[in-house]
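Take a look at the structure below.
Every number here is computed from the coordinates shown, using simple stated rules; none is lab data. Quick caveat, the model's predicted, so the values are computed rather than measured. Quick reminder, even Gly has a Cβ in these numbers, built from the backbone with ideal geometry, and neighbours come from all protein chains shown.
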Amino acid sequence: MYPLTRNRRLRNNDAIRHLVRETILTPSDFLVPLFIVEGKGIREEITSMPDYYRMSLDNLEKEVKELWNLGLCAVLLFVKVPDNLKDNKGAEALNADGLMQRAIKTVKNVCPDMLVMTDVALDPYSSYGHDGIVADGQILNDETAQVLAEMSVSHAQAGANFVAPSDMMDGRILHIREALEDEGFIDTGIMSYSAKYASAFYGPFREALDSAPVAIKNVPMDKKTYQMDAANRFEAIRETQMDIDEGADIVMVKPGLCYLDIVREIKNEVDVPVAVYQVSGEYAMLKSAAEKGWLNHDSVMMEQLIAIKRAGANIIASYFAKDAVKLMG
Ligand code: PBG
């Protein structure tokens, strides 16, 4: 007796494994998140994100050139806003000469073909650390969507190719699309964080930007009234479909690894590109286990990234982008 099929023939050596490989990572799969701070000559490591840095605009120039030379052609910008510029309505977000607007111009200046995407949400600008305007213990939906639309126009004016609303207010994609069209930014795209879960994996990111929700009477310390419940699956499809109907060009699932079932379902359901955000907590978990010698950093990193792509991601936002591309050779 012998097995009718010997699947191991297709695993015998490197050459045959390469030949039959179903999923291949390339540099153009990646979107690189970057954290920007005010100042000069700053490149400070984020405590809970080893080997990842907040940088000032002069170092952003260098970083962007390096990314481009590695074949990485898309960045996602986040800014750390000084406390004295934070308020409840995110007024600083609309400052034409604000840090985000200058960061966009900086990238476009040194590398005009680099695709620039910008985070659109109030949290880095909010004195409460929320993605929207707070009133009477509530996160106001429609008022926030209005500010997000103005913020998006401001980013487009500075030269952003795509805006990436990460706030989870209802109806904001429609508001943003209309505002961009009204102002003539017909080619500015929207990558919507469509299925964004209220996740504890965002902890290190909130440290990076000093943007965690603060303890204030009657205001929730979490984002569960706007970000999704980890238990829900159909809701993710509904959220995503709604964003597409409102004009999203790219949709996103976030976080990555714990939500790859959602990625596959959405990929099967929709016909626009699907992005996945492998978030800060996922990065921190691997870094800390690797530091202890408990996991092999590079092997686990590549396994995770290939899993994200295999699940259906067309675009992977990842803090590992540079490391992964260097390994690809
Ligand atoms: C802001 C925003 C967050 C992330 C991306 N945009 C944090 C949050 O919603 O609290 C998280 C990214 C990460 O953890 O890497 N709206």
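Quick check on the exposure proxy: order Y226, Y193, Y2 from fewest to most C-beta atoms within 10 angstrom.
Ranking Y226, Y193, Y2 by Cβ neighbours within 10 Å, fewest first, gives Y2, Y226, Y193.
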What does the convex hull of the Cα atoms come to per residue for the stretch 156-232, in Å³?
-> 135
Would you mind counting up the charge near L286? Only other residues with Cβ under 14 Å from its Cβ, with Lys and Arg at +1 and Asp and Glu at -1.
-> -4
Sum -39500 (n - 2.57) across every DSSP H segment of at least 4 residues in the chain, then divide by the residue count to get the 222 nm mean residue ellipticity, nearest 500.
-> -11500 deg cm²/dmol
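I'd like to compare 171-183, 13-25, 283-295: which one has the highest average count of other Cβ atoms within 10 Å, and what's the full order after that? Walk me through the numbers on the way to the answer.
Working: 171-183: 19.0, 13-25: 10.1, 283-295: 15.3.
Sorting 171-183, 13-25, 283-295 by mean packing, highest first, produces 171-183, 283-295, 13-25.
Specify whether the C-alpha gyration tensor of the chain places it in the rounded, prolate or oblate class, a ≥ b ≥ c being the square roots of the eigenvalues: rounded for a/c under 1.5, otherwise prolate if a/b is larger than b/c and oblate if not. Let's see the in-between values first.
Details: a/c = 1.65, a/b = 1.45, b/c = 1.14.
Here the chain falls in the prolate category.
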What is the antiparallel percent of DSSP beta bridges lying wholly in the chain, to the nearest 5?
-> 20
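Can you give the net charge of the other residues whose Cβ lies under 13 Å from the Cβ of M302, counting K and R as +1 and D and E as -1? Could the numbers behind the result be given before it?
Values: positive: R21, K309, R310, K326; negative: D29, D298, E303, D323.
Residues close to M302 contribute a combined charge of 0.
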Relative contact order, percent, the chain [alpha-carbon distance under 8 Å, six or more residues apart] | 17
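Using per-residue counts of other Cβ atoms within 10 Å, averaged over each peptide, order 125-134, 97-106, 68-77 from highest down. Please report the intermediate quantities before stating the final value.
Values: 125-134: 24.3, 97-106: 20.4, 68-77: 18.4.
Top to bottom by mean Cβ count within 10 Å: 125-134, 97-106, 68-77.
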Over what distance in Å are the Cα centres of the stretch 104-175 and the stretch 182-210 separated?
-> 8
With bins of 10 Å, the percent of all Cα-Cα pairs of the stretch 17-103 per bin from 0 is 15, 38, 28, 12, 5, 2
Could you work out how far apart the two model spin labels at I306 and D58 are, taking each label as a point 7 Å from the Cα in the direction of the beta carbon, and quote it in nm?
-> 4.3
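Please compute the alpha carbon radius of gyration of the stretch 1-59, then divide it by the globular-protein estimate 2.2 N^0.38 Å. Two decimals is fine. Please report the intermediate quantities before stating the final value.
Numbers: Rg = 22.7 Å, N = 59, 2.2 N^0.38 = 10.4 Å.
That ratio works out to 2.19.
Which whole-number percent gives the relative contact order of the stretch 243-298, counting Cα pairs below 8 Å spaced six or more residues apart?
Values: 48 pairs, mean separation 18.5, N = 56.
Reported relative contact order: 33 percent.
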Reachable lysines from K65, Cα under 27 Å, same-chain residues fewer than 8 places away excluded?
-> K40, K80, K105, K108, K287, K309, K322, K326
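Excluding L122 itself, what net charge comes from residues whose Cβ is under 12 Å from its Cβ, given Lys and Arg +1 and Asp and Glu -1? Could the numbers behind the result be given before it?
On the way: positive: K86, K89, R172, K223; negative: D87, E92, D119, D123, D131, E143, E150, D167.
For residues surrounding L122, the net value is -4.
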